[in-house]
Amino acid sequence: MDVVALGELLIDFTENGVSGQGNPLFEANPGGAPCNVLAMLSRLGHRTAFIGKVGNDFFGKQLEDAITEVGIDAAGLLKDDKVHTTLALVHTYPDGDRDFSFYRNPGADMMLTADDVPTDRIAASRIFHFGTLSMTSDCAAEATARGIAAAKAAGCLCSFDPNLRPPLWDSMERAREKMHYGFDQCDILKIADNELQFATGETDFDAGVRRLQKQYGIPLI
C-alpha cells in the first residue's frame, strides 16, 4: 500500500435544507478525517488501506460499503457487536466554519485495541497516517502507538493530523499532550490555524510553524 491510515470512521449528519414543516433535515454522510485523506488519495490513483472499528449496525455497513466503493482497502476495518458506530452532527456557519456535536461515549472507533492492529500491513506501506481522535480513549491510544511503532520499525513515513475536536476530550491539557506526542512522531504534519495556535500559543502562524520545526524537526508542515 502507498498509505495506511488508522483512526475514526463515522457518520457525519450534515444539514441539508428544511422539511415542509420547517424542521432541519440532515444527510448521513461518511466521515472521519483519516478516511477523507484516503478517499482523495484513492481518487488520485494511490493504493490505500484503513484500520479502524465501526459498530456492527446499519451505519457500520454503510461506511464499509462507502470506503470500499472509493477504492480503500477495508480488510483492517473491524465491527463491534456491543458499541455502535460513532455519529456526529455538523452545523455549518455562513462563513464556512463548522460546529460538531458527537454521539460517542463510547463510539465503536474508541474500541480499537493494540491487538486489532495489523502491523504487517503498516510495515508494507510507504506512509502511515494518524490523528488525535484515536487517542481520546486509552485502548485506541495504545492501538495508535502500536501502529506508529510498526511504521517506524519498517522505515515508513508517519503523517499526522491533530484534528482538534474539543468536545471529545476529557481535558484540553490531555488534548495538547497527545498533539505534542504526534508532533514528536511525525515526518509530515497537516495542521489548521486554530490547532497551531492551541499547540504553540503563537498568534502569528509563521512563528508557530518555526517553533514546531525548532522543537521537533518536522520535515514537512
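The values are calculated or read from the model by the stated rules, or taken from the named source; none is laboratory data. What you are looking at is a predicted structure, and each value in this text was computed from that prediction instead of being measured. Virtual Cβ from ideal backbone geometry, glycine too; neighbours counted across all protein chains shown. These area figures cover heavy atoms from the full protein model, side chains too; ligands, DNA and RNA do not enter into them. Shrake-Rupley method; radii C 1.70, N 1.55, O 1.52, S 1.80 Å.
Which members of region 124-142 meet the condition of being in contact (Cβ under 8 Å) with a residue 12 or more places away in the chain, surrounded by fewer than 21 Cβ atoms within 10 Å (Cβ to Cβ) and part of a helix (DSSP H, G or I)?
Listed by number, the residues that qualify are Cys139, Ala141, Glu142.
I need the strands (runs of 3 or more DSSP E) fully contained in region 27-123, keeping only those with at least 1 residues that are free of Cβ contacts under 8 Å to residues at least 60 places away in the same chain and open to solvent by less than 40 Å² (accessible area, probe 1.4 Å). Steps first, please.
Working: elements: 48-55, 72-80, 87-92, 98-103.
Of the strands (runs of 3 or more DSSP E) lying wholly inside region 27-123, those with at least 1 residues that are free of Cβ contacts under 8 Å to residues at least 60 places away in the same chain and open to solvent by less than 40 Å² (accessible area, probe 1.4 Å) span 48-55, 72-80.
I need a count of the residues in region 1-26 that are outside any strand (DSSP E or B) and within 13 Å of the chain's Cα centre (by Cα). Outline the logic, then answer.
Initially, region 1-26 is screened for residues outside any strand (DSSP E or B), giving 1-2, 7-9, 19-23.
Narrowing the set further to residues that are within 13 Å of the chain's Cα centre (by Cα) leaves 7-9.
Number satisfying all stated conditions: 3.
Do we find a residue being part of a helix (DSSP H, G or I), modelled with pLDDT under 95 and under 24 Å from Gly201 (Cα atoms) anywhere in region 153-167?
Yes - at least one qualifying residue is present in region 153-167.
What tally of residues in region 179-204 results from selecting those that are surrounded by fewer than 18 Cβ atoms within 10 Å (Cβ to Cβ), of a type in the set (S, T, N, Q) and either assigned to a helix (DSSP H, G or I) or touching a residue at least 12 places away in the same chain (Cβ under 8 Å) (or both)?
Filtering region 179-204 down to residues surrounded by fewer than 18 Cβ atoms within 10 Å (Cβ to Cβ) leaves 180-181, 184, 187-188, 190, 192-194, 197, 201-204.
After this cut, where a residue has to be of a type in the set (S, T, N, Q) as well, the list is 194, 197, 203.
Adding the requirement that they be either assigned to a helix (DSSP H, G or I) or touching a residue at least 12 places away in the same chain (Cβ under 8 Å) (or both) leaves 194, 197.
The number of residues fulfilling the criteria is 2.
Please enumerate the residues belonging to region 146-162 that are open to solvent by less than 40 Å² (accessible area, probe 1.4 Å), of a type in the set (Gly, Ala, Ser) and within 14 Å of Thr119 (Cα to Cα).
Answer for region 146-162, where residues must be open to solvent by less than 40 Å² (accessible area, probe 1.4 Å), of a type in the set (Gly, Ala, Ser) and within 14 Å of Thr119 (Cα to Cα): Gly147, Ala150, Ala151.
In region 205-221, is there at least one residue being in contact with a strand residue (DSSP E or B) (Cβ under 7 Å, 6 or more places away or on another chain), surrounded by fewer than 15 Cβ atoms within 10 Å (Cβ to Cβ) and under 18 Å from Val37 (Cβ atoms)?
Yes, there is a match, as at least one residue in region 205-221 is in contact with a strand residue (DSSP E or B) (Cβ under 7 Å, 6 or more places away or on another chain), surrounded by fewer than 15 Cβ atoms within 10 Å (Cβ to Cβ) and under 18 Å from Val37 (Cβ atoms).
Pairs, please: C-beta under 9 Å, at least 6 apart or cross-chain, first residue more than 29 Å from Thr113 (Cα to Cα) and in region 8-25, second at pLDDT 95 or above and not in a strand (DSSP E or B)?
Sorted first by the residue in region 8-25, then by its partner, the pairs are Leu25/Ser19.
Mind listing whichever residues of region 163-177 are in contact (Cβ under 8 Å) with a residue 40 or more places away in the chain and either buried (at least 20 other Cβ atoms within 10 Å of the Cβ) or out of contact with any helix residue (DSSP H, G or I) (no Cβ under 7 Å at 6 or more places or on another chain) (or both)?
Hits for region 163-177 are Asn163, Pro167, Leu168, Ala175.
Here are Glu27, Glu8, Glu15: which of them is of a type in the set (Asp, Glu), touching a Pro at 6+ places or on another chain (Cβ under 8 Å) and modelled with pLDDT of 95 or more? Quick ask: steps written out before the conclusion?
On the way: Glu27 fails: touching a Pro at 6+ places or on another chain (Cβ under 8 Å); Glu15 fails: modelled with pLDDT of 95 or more.
The match here is Glu8.
Picking from Phe130, Phe58, which residue would you name as being under 17 Å from Asn163 (Cα atoms) and among the aromatic types (Phe, Trp, Tyr)?
Only one candidate qualifies: Phe130.
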